[in-house]
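Q: Let me give you the structure first, and then I'll get to my questions.
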Amino acid sequence: MTLKKNDFDIYSLIKKELRRQRNGLELIASENFASADVMAAQGSVLTNKYAEGYPGRRYYGGCEYVDGVEDIARERVKKLFGAEHANVQPHSGTQANMAVYFAVLNPGDTIMGMHLAHGGHLSHGHPASFSGKYFKVIPVNLRKKDMLLDYNEIKTLARKHRPKLIVAGSSSYSRVIDWRRICSVAKSIGAYFMADIAHYAGLVAAGIYPSPVPYADFVTFTTHKTMRGPRGGVILCKNKFAKDIDRTIFPGTQGGPLMHVIAAKAVAFKEASTAGFRKYQSQVLANARVLAASLESRGLKIVSGGTDSHMFMVDVTPVGLTGKDAQAILESAGITVNKNSIPYDKQSPAVGSGIRIGTPAVTTRGMKEREMEIIGDAISSLLQKHALAAAPKNMATARAQKIVRTLASKFPLYPNLKS
Ligand code: DSN
């Protein structure tokens, strides 16, 4: 590798990031560790190739091999999810969502989706996103008494505002979403139904979380979260929308596809079709449930009281903290999470009253229920002691740092990579 010699600045930052990933505990719900095979495909010569268009219909010569790559990626993901059509070119989940909107909506049309603080994504209609600027948005809130989706309220809102598209899916809703019920609401008003399963895709592929594919007109997801592939997006749809979706990705909203990423997606789809992946996803869920219960039993408040997925939200207001403070406190011990708004939050999104915790990355390292209990203990003592005086606070940090060091060395990450 000549990078060290030719560009030490970047080389050394990559090595530092490897050490950070290795030495810490990664609990960001949207992160994971891709396999060495996924990274090899992504770091391949395919990065050099322009391939605007689709297999057999490119605007560049020399596409005979990348055509094969994209065909394989499309076939694998269709089989994995039982979908009629797949577009594997979206550069990200937001690009995938944008393409669906632009395929079937006009500027000014109405869409309905979960509010950001109630689990929705920026691209589901937040005013700061293109989705909130181009479309009229009807935000859906969680029910205050139990922080769950209220399907009757969804029906009432949909009948009143008659959105042209309903988007369901979430970045922080830990519970099962009843795709069938939302589909029937959409059908009853003649709306399109898009399910954004960026977070749940790996669980869905493994049959651990319900699939929206039989119900939704469009299913979008990212490939780097529970799917454990490279960073990128995918759109699945019924055949009747295939042409519109393909046209809206290219030339509508993107130029040249990232063929090295598409190759890495194909590798990830093959990995996701194995029994090992299904076992991994059940462990992700089991770990999330144990970690949530462990925090709750130590006095922390879990939004909606638990989880049916790889993640959950912790309301840190009962221990006198903000999400921002809690994130910083955990970071000081090598535990990485992200601050998050909770439903009906009084803080701004930059501060938040919660933290989001997910188990995909630590499960990839091989951690199980026993380790979740240990991590739960470290997190809760850190957050509780930090609301107190300096001495116990420092002791809790030192103790948590030791726990993180022990777990990180017991469950090594990328052992074949040189640090
Ligand atoms: N999908 C978001 C997350 O869950 O972290 C980022 O856009």
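Q: Per the 1.4 Å probe, what fraction of the accessible area of region 313-373, in percent, lies on carbon and sulfur atoms?
A: On the way: 1100 of 2210 Å².
On region 313-373, the fraction of accessible area on carbon and sulfur atoms equals 50 percent.
Q: Tell me the net charge near Leu258. Cut-off is 13 Å between Cβ atoms, Leu258 excluded, with +1 for each Lys or Arg and -1 for each Asp or Glu.
A: Charge balance in the 13 Å sphere: +1.
Q: Given H placed on each backbone N at 1.01 Å, which residues far from Lys301 in sequence or on other chains put an amide H within less than 5 Å of it?
A: The list, which skips near neighbours in sequence, is Asp315.
Q: How much net charge surrounds Ala51 when only other residues with a Cβ under 13 Å from its Cβ are counted (Lys, Arg +1; Asp, Glu -1)? It would help to have the intermediate numbers written out before the result.
A: Numbers: positive: Lys49, Arg57, Arg58; negative: Glu52, Glu64, Asp67, Glu70, Asp71.
Here the charged neighbours net out to -2.
Q: Using only the alpha-carbon atoms, what does region 335-419 span along each of its principal axes? Please give whole angstrom values in decreasing order.
A: Cα spread of region 335-419 along its principal axes, largest to smallest: 46, 31, 27 Å.
Q: Further, regarding this structure: What value, in deg cm²/dmol to 500, does the helix sum -39500 (n - 2.57) over DSSP H runs of n ≥ 4 give at 222 nm once divided by the residues of the chain?
A: After summing the helix terms and dividing by residue count, I get -13500 deg cm²/dmol.
Q: Also: Using a probe of 1.4 angstrom, how much of the accessible area of region 1-131 is carbon and sulfur, in percent?
A: Carbon and sulfur atoms account for 55 percent of the accessible area of region 1-131.
Q: Rank-order 127-140, 312-325 by packing density, defined as the average count of other C-beta atoms within 10 Å over each peptide's residues, highest first.
A: The peptides rank, most packed first, as 312-325, 127-140.
Q: Separate question: How large is the convex hull of the Cα atoms of the chain per residue, expressed in Å³ as a whole number?
A: Dividing the Cα hull volume of the chain by its residue count gives 142 Å³.
Q: Between the alpha-carbon centers of region 278-311 and region 342-409, tell me the distance in whole angstrom.
A: Each part's Cα centre sits 13 Å from the other's.
Q: OK, next. From the backbone phi of region 343-354, what are the Karplus-calculated ³J(HN,Hα) couplings (6.51 cos²θ - 1.76 cosθ + 1.60, θ = phi - 60°) in whole Hz, Gly and Pro given as x?
A: Ordered by residue, 3J(HN,Hα) equals x, 6, 5, 9, 8, 6, x, 6, 10, x, 10, x Hz.
Q: Tell me, what is the per residue accessible area of the chain in Å², probe radius 1.4 Å?
A: Heavy-atom accessible area per residue stands at 43 Å².
Q: Sticking with this structure for a sec: Short version: ³J(HN,Hα) in whole Hz for each residue of region 31-37, in order, from phi by Karplus 6.51 cos²θ - 1.76 cosθ + 1.60 (θ = phi - 60°), x for Gly and Pro, what are they?
A: Working through the residues one at a time gives 10, 7, 10, 5, 6, 4, 5 Hz.
Q: Here is a follow-up. Kirkwood-based Rg over Rh for region 184-306 (C-alpha set), two decimals?
A: Ratio value, two decimals: 1.05.
Q: What is region 230-324's relative contact order, in percent, from Cα pairs under 8 angstrom and six or more apart in sequence?
A: Contact order relative to length: 18 percent.
Q: Assuming a ≥ b ≥ c are the square roots of the Cα gyration tensor eigenvalues, decide whether region 117-261 counts as rounded (a/c under 1.5), prolate (otherwise, with a/b larger than b/c) or oblate.
A: prolate
Q: In sequence order, what are the phi-derived ³J(HN,Hα) couplings for region 62-72 according to the Karplus relation 6.51 cos²θ - 1.76 cosθ + 1.60 with θ = phi - 60°, rounded to whole Hz, with x for glycine and proline?
A: x, 9, 4, 8, 5, 4, x, 4, 5, 4, 4
Q: While we're here: Just to make sure I understand: if all protein chains stay in place, what is the order of Thr2, Thr364 by accessible area at 1.4 Å, largest first?
A: Values: Thr2 90, Thr364 40 Å².
Descending order: Thr2, Thr364.
Q: At q = 0.15, 0.23 Å⁻¹, work out log10 I(q)/I(0) for region 133-204 with the Debye formula, treating every Cα as an identical point scatterer and leaving solvent out; two decimals please.
A: Each listed q maps to, in turn, -0.51, -1.15.
Q: How would you order 38-49, 259-270 from highest to lowest mean count of nearby Cβ atoms within 10 Å? Let's see the in-between values first.
A: Details: 38-49: 16.2, 259-270: 25.2.
Highest-to-lowest ranking by the protection proxy: 259-270, 38-49.
Q: Highest mean first, how do 108-114, 298-304, 142-148 rank when packing is the count of other Cβ atoms within 10 Å averaged over residues?
A: The packing order, highest mean first, is 108-114, 298-304, 142-148.
Q: In percent, what relative contact order does region 1-159 have, based on Cα pairs under 8 Å that are 6 or more apart in sequence?
A: RCO, region 1-159: 10 percent.
The values are calculated or read from the model by the stated rules, or taken from the named source; none is laboratory data. In this text the structure is predicted, and so the values were computed from the model without any measurement. FYI the Cβ positions are ideal-geometry reconstructions off the backbone, even for glycines, and counts take in every protein chain you see. These accessible areas exclude ligands, DNA and RNA; they are computed on the full protein's heavy atoms, side chains included. Shrake-Rupley method; radii C 1.70, N 1.55, O 1.52, S 1.80 Å.
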